[in-house]
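As structure tokens, the structure follows; a few thoughts come after it.
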Amino acid sequence: MSVQADPIALTDAASATVQPGGGSTGVRRKRRSLGLLRNRKALIGLIILAVFLVLAVIGPWIAPYDPNAVTRLSLEPPSAAHWLGTTNTGQDILSQLLVGTRGVMVVGLLAGILATFISVVVGVTAGFVGGLGDELLSLLSNVFLIIPALPLIIIVAALVPSAGGLTIALIIAATGWAWGSRVLRAQTLSLRKRDFVEAARANGEPMWRIIFFEIMPNLTAIIASGFIGTAIFAILSEVTLAFIGVTSISAWNWGTVLFWAQSSQALVLGAWWWFVPAGLCIAAVGTALTLINFGIDEFVNPRLRNTAASAGILRKKRIRARIGFTPVYRGAPSAAETRDALTTADALTPTDQEVGA
Amino acid sequence: MKYFLRRVAFYLFTAWAAITLNFFIPRMLPGDPVHSLINKFQGRLSTDAIKSLYVLFGLDKHTTIWQDYITYWQNLLHGDLGISFTYFPTPVSEILAQALPWTLALVGFSTIIGFVLGTLAGIGLGWRRGTWADNLLPIANFFSAIPYFWLGLIAISALAVTVQVFPASGGYDPATVPGWSWEFISGAIYHGTLPALTIIISSISGWILGMRNMMVTVSSEDYVTVAQAKGLPERKVMFGYAARNAVLPSISGFALSLGFIVGGTLVAEMVFSYPGIGYMLFQAIGSKDYPLMQGAFLVVTISVLVASMIADFVYAFLDPRTRVEG
């Protein structure tokens, strides 16, 4: 029963209907076990993210210099000794970035986990309980959604003396949970009326079991994509806070590097090696997380699948991906399949013309 | 009509919640900021300012928190947001009133241009999915992950320092007198181009990606197939049938993402030293100017609420279903 709305099963069923009899059970099982990794976008995203996670762990150890060490090599451009050059006080920028990776990752993940937890509690409760409780919880999340988060984070962080990483993660989580909760509530609301939940209720399953074993497994994809969205938001917010100097300027993260670059006139001095790499790191992590999110989206919604990745294949097969049908490419294409897809589109035309006339 | 009343009630409630939050935040946090402030500004704070500080932070032990709250509202309704430390003894409301038009103009223009261009590009990309156009998606994706302020830094170093096409900072030509003269306005537009450009570039990709995915979803609906099969011109099917329905989530998303965009814009203002609310906030952070910080938060929040309300009403006008449901 619960298989029916399981996202993995759903996508499998969808592709199976488009191309019946494609592949044996063994093939299908293999595909399922590989899951998200089969998606090229998600795979690239996961690899980039893994690199940064490893750097977050080993960064302080492999950093060639002490990031705070002042030397006489002022504003050196990148060289063999200093791969990313030095600051105006002769500090090694590569070491600052490597040491700073941990701060960014820890706050991003921590805030992401906390915010996802709040959004699951609020969203699922609102969707499941309904009535007045739903109204109040939805109101709460809508209020948090519409109040601009960054100014709110700034005034809270500025008031807390010596705000460290944990405090920042807490503040970001407290303001960033609303979007996920809104999406989860909508999905729970639609799941609550499904047959398998009704059946579980008729069987006399207790409420906690219905929530945790019937509803929650079907929310996995949404929770995961909500977590990634919040992690992006958290990383951007944290770096921004460090850049404008709200948080401690002595703890290294990528925003701190940019803070010193901006306040030491790196732009006017043309010291591009000071501010370009930090921004590229932020963009790389952000892109990686977005790619994983796209992977999840395409995993859940087959209509979005095989559009970008297989543009070349479609062109080769002379299928013009346009309206009316969703081309699904799997394995070696057969001529018959192509013809099928085309005739389906053609077959529609006369009927529709009748309707039109 | 009932729908509109519900929405107005919601926005009033949100405004109340934001104002109350602003009141409670300094009271909930640990420490005594007033003492450290008085020490820091030794001799420069008048007794009036100290008194209003105590009211602001709720450290006046002689009154209950409820009385404080009433006083806070009374002050607020008289437009009294306290006195700034940075620009002592100018009231916060006066400083913000000067800064607000700059922010409104910058955010207003760049957000609307970004939304329109992004939506149009998304329509095109979604309609032509599975062609070369899909190669643009990873680029849009990359740009959506870049923080506004960093793009601002890059823009300054490329277009204001290396190639000196645009000014690196400020909001108008310092040689002109602010007013409705052509010299001043053209100078303001010239100074605003670079900040606006960075905001447009970093906000546009979100609209492109969202619109593209909606176009892909909508264009496999039956009514689009029917329109196509009837032999309607491609342009008409694209804009009149598919895009018209696909744009609805973008518009309802517009109201919700406004807070995020405005947050990014404030930081962009800091980078460009643009004389708006964001720059004031930046200076307030540097000098621990709490009244100015809180005033800036309130003004930004209320502006975002008004803009979201307008976007909501536009949505209700475009999609009759919302009006019926209410």
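The values are calculated or read from the model by the stated rules, or taken from the named source; none is laboratory data. A quick note: this is a predicted structure, and the numbers were derived from the prediction, not measured. Quick reminder, even Gly has a Cβ in these numbers, built from the backbone with ideal geometry, and neighbours come from all protein chains shown.
Brief remarks on what is shown
- Residues in region B:148-178 that are closer than 24 Å to B:Pro101 by Cα, assigned to a loop (DSSP other than H, G, I, E, B) and not hydrophobic (A, V, I, L, M, F, W, C): 9 in all.
Residue-by-condition table, conditions (1) within 14 Å of chain B (Cβ to nearest Cβ); (2) in contact (Cβ under 8 Å) with a residue 60 or more places away in the chain; (3) crowded, with 23+ Cβ neighbours inside 10 Å; (4) under 28 Å from the mean Cα position of the chain (by Cα):
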| site | (1), (2), (3), (4) |
| --- | --- |
| A:Glu198 | no, no, no, no |
| A:Ser225 | yes, yes, no, yes |
| A:Leu236 | yes, no, yes, yes |
| A:Val239 | yes, yes, yes, yes |
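- One residue stands out in region B:258-294 among those that are polar (S, T, N, Q) and buried (at least 21 other Cβ atoms within 10 Å of the Cβ): the one that is farthest from the chain's Cα centre (by Cα), namely B:Gln294.
- Residue count for region B:219-262 satisfying the condition of being under 21 Å from B:Arg128 (Cβ atoms), facing another protein chain (nearest Cβ under 8 Å) and part of a helix (DSSP H, G or I): 7.
- Filter result for B:Asp319 (more than 9 Å from chain A (Cβ to nearest Cβ), within 26 Å of the chain's Cα centre (by Cα), surrounded by fewer than 22 Cβ atoms within 10 Å (Cβ to Cβ) and modelled with pLDDT under 85): yes
- Of all the criteria given as (1) at the interface with another protein chain (Cβ under 8 Å from one of its Cβ atoms); (2) within 26 Å of B:Asn135 (Cα to Cα), the one not satisfied by B:Val271 is (2).
- Residue in region A:56-65 that is farthest from A:Asp92 (Cα to Cα), counting only those that are surrounded by 18 or more Cβ atoms within 10 Å (Cβ to Cβ) and in contact (Cβ under 8 Å) with a residue 40 or more places away in the chain: A:Ala56
- Matching residues, region A:267-299, being without any contact (Cβ under 8 Å) to a residue 12 or more places away in the chain, at the interface with chain B (Cβ under 7 Å from one of its Cβ atoms) and within 19 Å of A:Met105 (Cα to Cα): A:Ala283
- Tally, over region A:144-169, of residues that are surrounded by 17 or more Cβ atoms within 10 Å (Cβ to Cβ), assigned to a helix (DSSP H, G or I), in contact (Cβ under 8 Å) with a residue 12 or more places away in the chain and of a type in the set (A, V, I, L, M): 11
- Counted residues, region B:162-198 - those being among the aliphatic types (A, V, I, L, M) and either loosely packed, with under 15 Cβ neighbours inside 10 Å or touching a Ser or Thr at 6+ places or on another chain (Cβ under 6 Å) (or both): 7
- Filtering B:Tyr274, B:Tyr279 for residues that are part of a helix (DSSP H, G or I) and touching a residue at least 12 places away in the same chain (Cβ under 8 Å) leaves a single hit, B:Tyr279.
- Close pairs from region A:174-196: first surrounded by fewer than 17 Cβ atoms within 10 Å (Cβ to Cβ), partner part of a helix (DSSP H, G or I), Cβ under 6 Å, at least 6 apart: A:Leu189/A:Gly127
- Any chance B:Ala105 is away from every other protein chain (no Cβ under 12 Å) and either in contact with a Lys or Arg (Cβ under 9 Å, 6 or more places away or on another chain) or more than 30 Å from B:Tyr279 (Cβ to Cβ) (or both): no
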